[in-house]
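The block underneath contains the structure these notes are about, expressed in structure tokens.
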Amino acid sequence: MEKTKEITLNINRRDEKITVPSHRTLLEALRETGHVEVKCGCEKGDCGACAVLVDDVAIDSCLTLAWASEGKEITTISGLGTPDNPHPLQTAFRDLGASQCGFCTPGMIIAAQGMINDNPVPTDDEIRMGLSGNLCRCTGYAKILDAVAQAASEMRKTGARS
Ligand code: FES
Ligand code: FES
């Protein structure tokens, strides 16, 4: 019989109780609880669409088990900013046209925030490296790289964090 357990996940600063089997990935658990802003792409760690911050580090939620995420702070793109109060990365993506179909954008911004948390003054090469696990089939990447550089600069001025 499938082993299930009730766990509490802290998602975007709110505790949510869910009952999940041991093999449920964090990506599946998030989407099943309505966090469909976390995108499901390859489900094998290749595309970065499912990225979330776990204790301020960007991870692929498709490669993480929900049970292993208990007691940690999980942040999705919805926890970074809102349409009324966007995060500097969201503002830069909007202003520089760094999002087209938008499917990669949540994971791309989360990966960028994880990189900036670790390195607030990234060079262009470090931004490329920081986003190297995230695929985009629309933009050609140039505007994304520009947007991340602009947002990192803005965040240094304002002291904004995730
Ligand atoms: S869906 Fe997780 S890396 Fe592609
Ligand atoms: S904007 Fe379409 S996949 Fe990146």
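Values in this text are rule-based calculations from the coordinates and carry no lab data. Only a predicted model underlies this, so the values are computations on that prediction, with no experimental measurement involved. With ideal geometry, Cβ positions are generated from the backbone for all residues, glycine too; neighbour counts draw on all protein chains shown.
Brief remarks on what is shown
- Maximal additional length on extending the His23-Asn119 stretch stands at 31.2 nm, based on 0.36 nm per residue less the C-alpha distance.
- When both segment 66-81 and segment 116-153 are represented by their alpha-carbon centers, they are found 22 Å apart.
- FRET efficiency, Glu37 to Glu70 (Cβ-Cβ, R0 30 Å, nearest 0.05): 0.90
- Here is the list for segment 4-55: trypsin sites (Lys or Arg not before Pro) lying in DSSP coil, each with at most 15 other C-beta atoms within 10 angstrom of its C-beta, are Arg13, Lys44.
- Those trypsin sites (Lys or Arg not before Pro) in segment 86-162 that DSSP places in a loop and that have at most 15 other beta carbons within 10 Å: Arg137, Arg161
- For the chain: rounded, prolate or oblate by the Cα gyration tensor [a/c cutoff 1.5]: prolate
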